[in-house]
């Protein structure tokens, strides 16, 4: 069976729908992660990122509008798997000194997924001549990278705490 070749703009739209879904799922997960976190700084980081994620969703809606499409989500199995792993960490390490370290690792898996998606979408938007969309995608990519860096800094303290308490 031969299928018709699909152009890049169709792949761009499919991936945009994928990340739109992912952001909405992340928005649901962040309050649970904030509630589970032990360190006040980590709770605050998750709460801050929840507000940023709301902005990411709005920005994605703007990208849909710029390309003349309605904002629609498409199930993203990758983010569901990553978030499920985070849920398992919260369940398995709820009373452990390693909980915050695990939450940070889970959050960074989410950030790395998002950075890969936003980087790709930005490149494709440029290739397709959607310069305004590329600018919006780059804004979100920069915020995701900033969050990842902040998580790395929080991870250093969480890893140290988990090690000291376990000894």
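Read-outs throughout are calculated quantities, based only on the coordinates presented, and are distinct from any laboratory measurement. Treat the numbers as computed from the prediction; the structure is a model and nothing was measured. When we count neighbours, we look across all protein chains shown, and the Cβ atoms used for this are built from the backbone with ideal geometry, even at glycine.
Neighbour counts of other C-beta atoms within 10 Å: give me 56, 130, 112 arranged from fewest to most. Intermediate results must be reported in sequence, preceding the final value.
Working: 56 25, 130 20, 112 14.
Fewest to most other Cβ atoms nearby, the residues stand as 112, 130, 56.
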message = Please compute the modelled spin-label separation between residue 160 and residue 88, points set 7 Å along Cα→Cβ, answer in nm with one decimal.
response = 3.0
On Cα atoms only, tilt of 131-166 relative to the major axis of the chain in degrees = 20
request  = Figure the gain on full extension for residue 95 and residue 139 (residue separation times 0.36 nm, minus the Cα-Cα span) and round it to one decimal in nm.
outcome  = 12.1 nm
key: Potential lengthening between residue 28 and residue 10 on full extension [0.36 nm per residue; Cα-Cα distance subtracted]   = 3.7 nm
message = Considering just Cα atoms, how many Å³ per residue does the convex hull of the chain enclose?
response = 118
message = Compute the helix-to-body angle for 77-92: its Cα long axis versus the longest principal axis of the chain, expressed 0 to 90° and rounded to tens.
response = 10
Sequence of 118, 20 once ranked by neighbouring C-beta atoms within 10 Å, starting from the fewest = 20, 118
Spatial separation of Cα centroids for the range 13-52 and the range 90-167, in angstrom = 10
note = If the chain between residue 149 and residue 59 were fully extended at 0.36 nm per residue, the gain over the current Cα-Cα distance would be 30.2 nm
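Ranked by Cβ crowding within 10 angstrom, fewest neighbours first, how are 96, 160 ordered? Intermediate values should be presented prior to the final figure.
Working: 96 15, 160 11.
Ordered from fewest to most neighbouring Cβ atoms within 10 Å, 96, 160 come out as 160, 96.
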